[in-house]
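One structure below.
The values are calculated or read from the model by the stated rules, or taken from the named source; none is laboratory data. Just so we're clear, the structure is a prediction, and the values are computed from it rather than from any experiment. When we count neighbours, we look across all protein chains shown, and the Cβ atoms used for this are built from the backbone with ideal geometry, even at glycine. Note: accessible area is taken over every heavy atom of the protein model, side chains too, but ligands, DNA and RNA are not part of it. Shrake-Rupley method; radii C 1.70, N 1.55, O 1.52, S 1.80 Å.
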Amino acid sequence: MVTAIFEAPGAPWVHPCLRCGACCAHYRASFYWAEADDATPGGVPVELTQVLTPHLRVMRGTERKPARCIALQGEVGVAVSCSIHPRRASVCREYPPSFEDGLHNPRCDEARQAHGMAALTPADWSGFEPDAPPPVLTPPRAA
Ligand code: SF4
Ligand code: SF4
C-alpha cells in the first residue's frame, strides 16, 4: 500500500499532492483535443478521454459531478498518484498547488475544502528539498 511509504518512521517529506488528489476529483479536466495521442505521439492516452466539444477533450470521469479522473489512483486525501503523470494534459501541468512556488491558488483551496481538507499554507512546503530525488510515486497535477 502506498500509505506505508508515508507512515514509515523517519520517512522523507512527501509532496502534498501525493496525500491529496482533490482537484482531480473536483474539476473538469478539459484540454485542446490535439494533446491526445491520436494527434500527438506520447500525448494524453486518447482512450482515457472523451470528446467534449469539437475542439476539446476531457479526461473521463471529470465531465460529471461528483468528478473523479479515470487516471487518478488511490484514495483522495490519503494517498494518490496520477497513472499518466508524464503524459498528463496541459490543464494538469499548469495547475499549481497552492504556495508551491510561493503563490496562492484559490482553486487548490476550493478543491481541498470540497474534500474536507484544509487549504495548503507556505508551511506545507517547509520540508521541500530542491536537490532531493524525485518522488517514487507520481503526484497528480503539478510537481
Ligand atoms: S493530474 Fe492525472 S489524475 Fe489528475 S486530472 Fe490530470 S490526468 Fe487526471
Ligand atoms: S494541486 Fe492542490 S488540490 Fe490538487 S492535488 Fe495538489 S494539493 Fe490537492
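Whole-Hz Karplus values for the stretch 33-40 come out as 3, 6, 6, 6, 6, 7, 10, 10 Hz, taken residue by residue from phi with 6.51 cos²θ - 1.76 cosθ + 1.60 and θ = phi - 60°; glycine and proline positions read x.
Under a 5 Å amide H cut-off, with hydrogens placed 1.01 Å from N, Leu56 pairs with Trp33 among residues at least 5 apart or on other chains.
Give me the percent of the accessible area of the stretch 16-122 that comes from carbon and sulfur atoms, probe 1.4 Å, all protein chains in place.
The computed percentage sits at 56.
Taking the Cα centre of the chain as origin and assigning +1 to Lys and Arg Cβ atoms and -1 to Asp and Glu Cβ atoms, the resulting dipole is close to 500 debye. Taking Ala71, Ala89, Ala114 as the candidate residues, the one with maximal mean-square fluctuation in a Gaussian network model of the chain, Cα springs under 10 Å, is Ala114. With all protein chains kept in place, the per residue accessible area of the chain amounts to 55 square angstrom at a probe of 1.4 angstrom.
Translational D (Stokes-Einstein, µm²/s) of the chain at 4 °C and 1.567 mPa s when Rh comes from the Kirkwood sum over C-alpha pairs? Kindly include the intermediate steps, with their values, before the conclusion.
Details: Rh = 15.7 Å.
Rounded, D is 83 µm²/s.
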